[in-house]
Amino acid sequence: MTDLDAVVAGAAACDARGEPWSLATVVSVRGSSYRRPGARLLVPAESEPIGLVSGGCLEGEAASLAREAIRRDLPLLITIDHSQEGDEVWGSGLGCRGILELLAEPPALARQTVDALRAARRDGESAFLLTGLAGERQRLSREAAEALGAPAADGVARGRPARIGDLVLDPILPPPHLLVCGAGPDAAPLVAAATAVGWRVTVADPRRRLLAGAEVEPAARLDVEPAELGRHLADDPVDAVVVMSHDYLRDGAFLAAVAGRGIGYLGVLGPRDRTERMLAELAERGIELGPADRAALHAPAGLDLGADGPHEVALAIVAEILATLRGTSAAPLRERGGPIHPPM
């Protein structure tokens, strides 16, 4: 369970016992910090907070702010500055030396935000919440949110909160949606690895016996022939695809079905020459991968981690998908010049 899943579950548990709750969210970060904008902490009126907005040094401050928001029934925004020399001894001695803004929402607004988080994670719905410090809240369209200016448009693109004067824009986007084409025995570790980081996962395979197995839970299951896959993708788009049915002709048909759909990551399991032969045969049939598909194609799928066995291969593939969708190099952090995270 990810921290956001824990926040959503924690809200339901508070409701079940009738305990009011607030939500503290990191709105902006300057300098170094353990978490980035969008990190959240669910704060019940009496019980222990759930979630993580730092490495432990800010949770007490965030909880106090959130409980004050419950008492005042108003959103509260504060700036926490531990960028000065000597802050290494402040709260757990993490010494991150960053400046953070935290927004605490009173119960009614916090409920709207958690409902939006739940819908994003369960149904793939986006929400763009604009909150004023007097307690007003608007739910905007994507276009209206982007029209608020460059910081807002950047926040919408990243799925990160943005400060707009005395307002806070909170874009809540669905997690990445991964389509696994093939329900063989090595699909289960990939489903588990992607689910562990909070992604939506769908497994497609016409072989009902494999698809019916418990191994691919909790992924959604799609009982389709590759040629029928396109109409499903039109209704429920995906961000990443991994082709791994271990059948040469079926894999080629899956690859043909997902080509030309603007998918950010196209991974194919198996040797490079196998995929090249597959692509050549598709081209002979008039099915060419365009430049965007070629740029998104990763064959063999996965980072070079020296992976051996399905679980390690799954880790290598999920890491490569994450780096691709985030637009990073996947190089070791020690080789990165400058801060770990780009300026927000």
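The values are calculated or read from the model by the stated rules, or taken from the named source; none is laboratory data. Owing to the predicted nature of the structure, the values given are computational and were not obtained by experimental measurement. We place every Cβ from the backbone using ideal geometry, glycine too, and count neighbours over all the protein chains shown. The protein model used for the area step is the full one, side chains on, heavy atoms only, and it has no ligands, DNA or RNA in it. Shrake-Rupley method; radii C 1.70, N 1.55, O 1.52, S 1.80 Å.
Quick notes
- Some residue of region 16-31 being farther than 27 Å from G155 by Cβ, open to solvent by 30 Å² or more (accessible area, probe 1.4 Å) and not in a loop (DSSP other than H, G, I, E, B): yes
- Residue match in region 282-299 (condition: among the β-branched types (V, I, T), farther than 17 Å from C181 by Cα, free of Cβ contacts under 8 Å to residues at least 12 places away in the same chain and part of a loop (DSSP other than H, G, I, E, B)): no
- Matching residues in region 154-163 - criterion: being surrounded by fewer than 16 Cβ atoms within 10 Å (Cβ to Cβ) and not in a helix (DSSP H, G or I): none
- From the list A12, A66, the lone residue that is buried (at least 20 other Cβ atoms within 10 Å of the Cβ), at pLDDT 90 or above, assigned to a helix (DSSP H, G or I) and not polar (S, T, N, Q) is A66.
- Remark: L76 matches the filter, which requires a residue to be closer than 29 Å to A147 by Cβ and either open to solvent by 10 Å² or more (accessible area, probe 1.4 Å) or modelled with pLDDT under 90 (or both).
- Where I172 falls short, out of the listed (1) at pLDDT 95 or above; (2) farther than 16 Å from G124 by Cβ; (3) of a type in the set (A, V, I, L, M, F, W, C): (2)
- Residue match in region 281-294 (condition: within 21 Å of R207 (Cβ to Cβ) and either among the aliphatic types (A, V, I, L, M) or surrounded by fewer than 19 Cβ atoms within 10 Å (Cβ to Cβ) (or both)): no
- Residue in region 134-148 that is of a type outside the set (S, T, N, Q), touching an Asp or Glu at 6+ places or on another chain (Cβ under 8 Å) and not in a strand (DSSP E or B) present: yes
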